[in-house]
Amino acid sequence: MEQRHLGRTGLRVSRIGLGTLTWGRDTDEHDAADLLKAFWEAGGTLVDTADVYGDGEAEYLLGQLIEGLVPRRDLVISTKAGSVPDPDRRFDASRGHLLAALDASLARLGTDYVDLWQVHAFDPFTPLEETLQALDLAVSSGRARYAGVSNYCGWQLAKAATWQLAAPGTRTRLASTQLEYSLLQRGVEREVLPAALDLGIGLLPSSPLGRGVLTGKYRHGTPADSRGGSEHMAPFVAPYLDETATSIVDAVTTAADGLAVTPLQVALAWVRDRPGVAAPIVGARNAQQLTAALSVEALSLPDEICRALDDVSAPLHRYPDHDWSTL
């Protein structure tokens, strides 16, 4: 699998990443082992997790598989901290919480360091410089090799990255930002992606298949074994089952038929090759789904197909996102 630099850093990652959101919940230890082995054998390196996935079980499962199944040195392990199960405070990016969470993650993963450590979301109740200091401390102590953020909007990302580049002392450049990005969710193109490109930050798209909808599996109903058919995941899928999404999925299916490939391959190739994207994170639930996603490696979409998909899925961007002089 092709490797790409993560932003303006020396870290290289596989251009498809393996997500572990369902590990320890919908994906058991046997399926997790099959997923990791298939990913590694295909040349994949980037494995994305978080301390809250499966209440820590995702990290624990990954830790159990490292070395016994896949050598630690062959993986780029990324984890996140900052999400907390507190209805009154959804995110805690204080220095104390983040550093304690990192230590706990390392213990579950059974490793001395993570390759990439990301703040899971912006915390409006903690000064940003305090949050960023936690990243500096993690990197300077060797517990994290690189650092990034997740779910930051445009001004939050730009402020954080600029602080790290301009503040006095030794600061850790932000390597990445992770957000949802697909043909069904192109909101990052308004401000986040332009900021990331300008500041040399690599984008790691989550849900690149539109929460599974872009595979076309929901075109004629909701399969019982799908996320949309699951009681706890159905609300996650529901926003992408409207008329707008249907027209985009139809266009993806038409393109796939014309290219003699699958809708999954078309949708994943589109987001993988967007400017600024380092590696979409694929959250397959079993090895069969992952193999289907990894088959996109040999596919590059023709320019005319990309333009057609761009047009049918184009988000409404008006002032001040576009040049005001053209309005």
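The values are calculated or read from the model by the stated rules, or taken from the named source; none is laboratory data. Since the model is a prediction, treat every value here as computed from it, not as a measurement. Glycine also receives a Cβ, built like all others from the backbone with ideal geometry; neighbour counts cover every protein chain displayed. Accessible surface areas use protein heavy atoms only, side chains included; no ligands, DNA or RNA. Shrake-Rupley method; radii C 1.70, N 1.55, O 1.52, S 1.80 Å.
Just a few scattered comments:
- Span from the the range 1-29 Cα centroid across to the the range 68-118 one, whole angstrom: 15
- Label sites at ARG219 and GLU243, each approximated as a point 7 angstrom past Cα along Cα to Cβ, lie 2.0 nm apart.
- Excluding same-chain neighbours fewer than eight residues apart, the lysines reachable from LYS159 by a Cα-Cα span under 23 Å are LYS80.
- Which of THR126, THR22, TRP163, positive extreme of dipole for the chain (C-beta unit charges): TRP163
- Projected area, mean over directions - the chain, Cα convex hull, nm²: 17.1
- In this structure, the amide hydrogen of VAL114, modeled 1.01 Å from its nitrogen in the peptide plane, lies closer than 5 angstrom to those of ALA144, ARG145, counting only residues at least 5 positions away or on a different chain.
- The residues of the range 1-122 expose, per residue, 40 Å² of accessible area to a 1.4 Å probe.
- The chain - mean residue ellipticity at 222 nm from DSSP helices (-39,500 (n - 2.57) per run, n ≥ 4, rounded to 500): -11000 deg cm²/dmol
- The range 39-125, relative contact order [Cα under 8 Å, separation at least 6], %: 34
- 3J(HN,Hα) along the range 272-283, derived from phi through the Karplus expression 6.51 cos²θ - 1.76 cosθ + 1.60 where θ = phi - 60°, amounts to 4, 9, 6, x, x, 7, 8, 7, x, 9, 9, x Hz, with x in place of Gly and Pro.
- For the range 164-213: accessible area per residue (Å², 1.4 Å): 34
- Using the Karplus relation 6.51 cos²θ - 1.76 cosθ + 1.60 with θ = phi - 60°, the per-residue 3J(HN,Hα) values for the range 256-261 come to 5, 4, x, 9, 6, 10 Hz, with x marking Gly and Pro.
- Here the accessible area of the chain is 51 percent carbon and sulfur, with a 1.4 angstrom probe and all protein chains present.
- For the range 209-221, putting each phi into the Karplus relation 6.51 cos²θ - 1.76 cosθ + 1.60 with θ = phi - 60° gives couplings of 9, x, 6, x, 5, 6, 6, x, 5, 9, 5, 10, x Hz, in residue order, rounded to whole numbers and with x for Gly and Pro.
- Efficiency of FRET from Cβ geometry, SER295 and PHE236, R₀ 30 Å, rounded to 0.05: 0.75
- Packing-based order for 12-21, 203-212, 302-311, 130-139, using average beta carbon neighbours within 10 Å, highest first: 203-212, 12-21, 130-139, 302-311
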